[in-house]
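This report refers to the structure that appears directly beneath it.
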Amino acid sequence: MATAVDAQVCMLPLSDRRMVAEGTLEFRFVKPAGMTFKAGQFVDVTLIEPLETDAEGNTRGFSINSAPHEPNLIFTTRLRDTAFKRVLQSMPLGTSAKIEGPFGHFTLHNNADRPAILLAGGIGITPFRSMVRDVAHRKLRHRIVLFYANRRLEDAPFVEELFQYERENSNFTFVPTMTRLATPHSGWTGETGRLDEGMILRYMRRHDPITAAIYYIAGPPRMVAGLHKLLNAIGINDDDIRMEDFAGY
């Protein structure tokens, strides 16, 4: 976990932003020289003298969506009708924000002999995207299975990018699932329905017993709690489960 000594505070100008899925905004800052972090960590972003504010305040924690080797700090968020999100969408490029961090210990384990099972819901994909990009860059040999649940394909950023990583890395398996398709003939040919024991077990290799893996869960609090309970029920010890919930987006 990052300590007070490790954490940095800097003022960075907003360099770019774009919509990456329905109701989902990506925004980025140029990473300052000397800043380091581990894939999966987060920072606090504070708006400086915004044009409007509300009771939720001017600071939010965001998982870093880019990998440590990349030149930008990239963040992705679901949009809600709050002052913070409205300002984030409209403030001019070049406007500075305070970035403090990195923080957190939601990072990939070091022992590559143990598979990593990543369970993401919605915007919970952000720390995992950083991990997958970092693994690809460093050519780590971890066996990784990433499950990614969304209501609809339109709500799901980075799907094509993650399929590309799967094509390039035989140790990486990407399993997106859609839980609320509008019609059964929507063109989606992948998994459907919620993440459950059956879906997880279908993508485990025969020589990888379920207790061999380290499990990571990120997403809305109810989903995280439900998957935690499911993993316990199938025999996964809490020592092998790491969780990060995204309340309120």
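Summary of computed values
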| quantity | calculated |
| --- | --- |
| Whole-Å semi-axes of the ellipsoid equivalent to region 1-130 (Cα gyration tensor, √5λ, descending) | 25, 18, 13 |
| Ratio Rg/Rh [Cα only; Rh per Kirkwood] for region 116-245 | 0.94 |
| Options THR76, GLY94, LEU227, ranked by Cα towards positive dipole end of the chain, top entry (Cβ charges) | LEU227 |
| Simple spin-label estimate for ASP196 and GLU70 in nanometres, 7 Å along Cα-Cβ | 3.4 nm |
| Taking the convex hull of Cα positions in the chain, its mean projected area over all directions (nm²) | 14.0 nm² |
| Helix 221-233 vs. the chain, principal-axis angle (Cα, 0 to 90°, nearest 10) | 30 degrees |
| Ranked SER170, SER90, SER63, criterion: other C-beta atoms within 10 Å, fewest first | SER170, SER90, SER63 |
| For THR211, THR173, order by how many other beta-carbon atoms lie within 10 Å, fewest first | THR211, THR173 |
| Positive minus negative residues near ASN58 (Lys, Arg vs Asp, Glu; Cβ under 14 Å) | -2 |
| Likely footprinting exposure, LYS229, LYS38, LYS31, fewest C-beta neighbours within 10 Å first | LYS229, LYS38, LYS31 |
| Dipole magnitude (debye, nearest 20) for the chain, charges at Cβ of Lys, Arg, Asp, Glu | 460 debye |
| 0 to 90° range, to nearest 10: angle between helix 125-138 axis and the chain longest Cα axis | 80 degrees |
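All of the numbers you see were taken from the coordinates with simple rules; none came from a lab. Bear in mind the structure is a predicted one, so any value in this text is a computation, not a measurement. For neighbour counting, all protein chains shown are included, and Cβ atoms are generated from backbone atoms with ideal geometry for every residue, glycine included.
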